[in-house]
Amino acid sequence: MLAERPHGGTLADPRPGAVFFAVWTSLVAGWLCCRVGLWRITADRDGVHIRRMWAVTFLPWSRIGRAELRRDGLLEFVGATEIPLAGLFAPSWADRLARRRGAGVRAAQVLTEMARSPDLRPQVRAGRAATGSAFAPRALPLAVAVFAMAECIHR
């Protein structure tokens, strides 16, 4: 929408700059939509399944010391060798402005309690339907759809 496009759309008279800009903005929009969808975290008897852009990461309970909500709204699992980030919640400063206790703080507390006490953990193993799948296979088709919509609008 921000690029100068010829009459009939970018593909009617393709110029490298306009095509690159249209493809790049479509990929960024697809990535942003997928990033917003990364809020899903599934806990089961064995550990935590974290939905990521490229894969679903599994983190066993033995590697989790505690979970903390970072300033940017992501959950951080402390105690793991590689600290994976998960979720997309409102940052704590936004919750303070709204004068409410946010979902991110509650999720961090629940996950910390589950990590410390095996009795609080779910007793069943989560299946693929519960853990979900990565978003990368959806990002490219979403980018193509955004590009096609922009082309239709500018015709």
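Here's how it looks for Gly65: its modeled amide H is under 5 Å from those of Val78, Gly79, Ala80, which are all 5 or more places away or on a different chain.
Given R0 = 25 Å, the distance between the Cβ atoms of Ala94 and Cys152 translates into a calculated FRET efficiency of 0.10. Extending 7 Å from Cα along the Cβ direction at Trp24 and again at Arg116 yields two label points whose distance is 4.8 nm.
Checking every one of the trypsin sites (Lys or Arg not before Pro) in the range 66-105 against DSSP loop status and a limit of 13 other Cβ atoms within 10 Å picks out Arg71, Arg99, Arg100, Arg101. Loop-resident GluC sites (Glu not before Pro) (DSSP state other than H, G, I, E or B) in the range 40-130 with no more than 16 further Cβ atoms inside 10 Å of their Cβ: Glu82. Taking θ as phi - 60° and the Karplus parameters 6.51, -1.76 and 1.60, the scalar couplings of the range 110-122 work out to 5, 5, 5, 5, 5, 5, 8, 10, x, 5, 8, 6, x Hz in sequence order, x denoting glycine and proline.
A short reminder: the numbers here are calculations on the coordinates, not readings from a lab. Please read all numbers here as calculations on a predicted model, not as lab measurements. Positions of Cβ are generated from backbone atoms using ideal geometry, with glycine treated the same way; all protein chains shown enter the neighbour counts.
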